[in-house]
Amino acid sequence: MSRVVLYDYYRSSACYRVRIALNLKRVDYEKRPVNLLESEQRGEEYRALNPQGLLPLLEIDGHRLTQSLAIINYLDIRFPVPPLIPVAAAERAHVVALAMAVACDIHPLQNLRVNSYLEEQLGVSHEQRLAWDSHWIAEGLAAVELMAAPRAGKFLFGDVPTGADVCLVPQLYNARRFNVPLDGYPTLLRAEENANKLGAFAAAHPESQEVPA
């Protein structure tokens, strides 16, 4: 296999997901930092690689892959052990729904570009923007708690980590950054605690990454 390159920002939830997945699959990769706070993702050089101007971007097997869930799906097919998405149709749909509830319904409403637009273009105050973030995070996590609880074990689905946990852990990291209370989500906290005991998750944590100067 040729060199694997992840265009990465240490605190990006989407990048954090892909780092976890790569670690779980034991795929060695090189990180190329793209500083979101300096808007490097909007520059011509990066947009030539990813027209959306978003992270992550993974170069692997001669491909340039974007969108974290698409990348995780690719990795699960390309490196089937350990599996992150079940094969059985109903179980697969359940895990994908949990992952999408985080990656598609919670995260986009409180990411950097949305927050910047709220404050810089719409004139929303910093305090109002924080209230916006906290509302959507709390509402989303409450739904994921109810969705996951009936079929959860040590993790969100059973007793081994899946793509749902790969999405959950970065979102809980973000929730704490926004001071969202988490006591009401015992299923999510149990899954996070067990996930963070694994080296693949710990090594992907933002505090384990090099912070841009």
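No lab work stands behind these numbers, since they all come straight from the coordinates. Quantities reported herein were computed from a predicted structural model and do not represent experimental measurements. Counting neighbours? That spans all protein chains shown, and the Cβs are built from the backbone with ideal geometry, glycine included.
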Within the range 1-91, trypsin sites (Lys or Arg not before Pro) in DSSP loop having at most 13 other beta-carbon neighbours inside 10 Å: 3, 26
Amide H partners (placed H, <5 Å) of residue 65, local residues excluded: 58, 59, 60
Loop-resident sites, the range 1-52, for GluC sites (Glu not before Pro), counting at most 13 other Cβ within 10 Å (DSSP): none
Estimated [θ] at 222 nm from DSSP helical runs (n ≥ 4, -39500 (n - 2.57)) normalised by residues in the chain, nearest 500: -15000 deg cm²/dmol
For the range 5-82, the spread of Cα positions along each principal axis, largest first, Å: 37, 24, 19
Using alpha carbons only: equivalent-ellipsoid semi-axes of the chain, gyration tensor based, whole Å: 25, 24, 14
Whole-number percent relative contact order across the chain, with pairs defined as alpha carbons under 8 Å at least 6 apart: 24 percent
The range 79-131 versus the range 30-50: alpha-carbon centroid distance in Å: 21 Å
Other-chain or far-sequence residues with amide H under 5 Å of residue 32's (modelled H): 6, 7, 8
Cα-only Debye scattering, the range 89-201: base-10 log of I(q)/I(0) at q = 0.15 Å⁻¹: -0.63
The range 131-197, relative contact order in percent, only Cα pairs under 8 angstrom and at least six apart counted: 41 percent
Furthest towards positive pole of dipole, 77, 100, 20, structure part the chain, Cβ charges: 77
